[in-house]
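Participant: Next up is a structure, given as structure tokens.
The values are calculated or read from the model by the stated rules, or taken from the named source; none is laboratory data. Note that the coordinates shown come from a computational prediction; the quantities given were computed from them, not determined experimentally. Here the Cβ is made from the backbone with ideal geometry for all residues, glycine too, and neighbour counts use every protein chain on show. All accessible areas refer to the heavy atoms of the entire protein, side chains included, with ligands and DNA or RNA removed. Shrake-Rupley method; radii C 1.70, N 1.55, O 1.52, S 1.80 Å.
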Amino acid sequence: MERYSARLRSSNMMKRLIAVLLVATPLAANAAITNVQKMPQNMPGYLPVPHGAAVILNTGSTNTSGYRIVVQKSGSAEYVVGDQRAKATVPDTIVSKFFSDLAAAAPLQDLQSAACMKSVSFGTSVFVYWNHQRSPDLTCPGDARGTALESDAQAIAQALHIFGAIKTPVMRPLMPGEQHKPLPPASSPSPM
């Protein structure tokens, strides 16, 4: 009788274990899929970083593509915006100011960020990497050194004409039951 009772308990334990696995496996798989979907869609691709070069990363947002720029002290730059990759040269005055400000701000991880309001959907973050250091988000700098780096990062992006390329159109889906209607014709101004 004891053996039968032990087998029954063992069998019931096995059934419970199988039931738990049947429930837990899909939940774990769903959690893994959910985490993958939360990855930023507009994050730019990686680029090789030569020794001594600096990286400017704009994370993008729901309506703008991010960009990654690798800048060398010589002014040579390579960047990625969306699925486009290009090489260009940044003017010497901008590059020398940028690397001077990087040296003055080092160590970058010690820079302060100020609290500021950013849209959850449309806000972007800007980071600078240099000499094995990474700055905090520079879109809300906490001191003059961070402000100078953020200004330099914008100047480099403008010199490379990246700002015109990062805007992507925002498409608003039709609401349920909403009909697509053409725009009314433009009316001409009435004569006075």
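Participant: Kindly write out, for segment 48-65 in residue order, the coupling ³J(HN,Hα) from the Karplus curve 6.51 cos²θ - 1.76 cosθ + 1.60 (θ = phi - 60°), rounded to whole Hz, with x marking Gly and Pro.
Facilitator: x, 10, x, 4, x, 7, 10, 10, 10, 10, 10, 6, x, 8, 5, 10, 9, 7
Participant: Would you kindly calculate the mean projected area, averaged across all directions, of the convex hull enclosing the Cα atoms of segment 42-145, in square nanometres?
Facilitator: Mean projected area for segment 42-145: 6.7 nm², to one decimal.
Participant: Also, quick follow-up: Can you list the HN-Hα couplings for segment 114-128, worked out from phi with the Karplus curve (6.51, -1.76, 1.60; θ = phi - 60°), rounded to whole Hz and with x for Gly and Pro?
Facilitator: Values, residue by residue: 9, 6, 8, 7, 9, 5, 5, 7, 10, x, 10, 10, 10, 10, 10 Hz.
Participant: Oh, and also: With a 1.4 Å probe and all protein chains kept in place, how do Phe127, Phe98, Phe122 rank by accessible area, largest first? Can you show the working numbers first?
Facilitator: Values: Phe127 30, Phe98 0, Phe122 115 Å².
If we order Phe127, Phe98, Phe122 from most to least accessible, we get Phe122, Phe127, Phe98.
Participant: Accessible surface of Thr62 in the full protein assembly, 1.4 angstrom probe, to the nearest 10 Å²?
Facilitator: In the full protein context, Thr62 sits at about 100 Å².
Participant: How far is it, in nm, from the label point at Gln112 to the one at Thr147 when both lie 7 Å from their Cα along the line to the Cβ?
Facilitator: 1.3 nm
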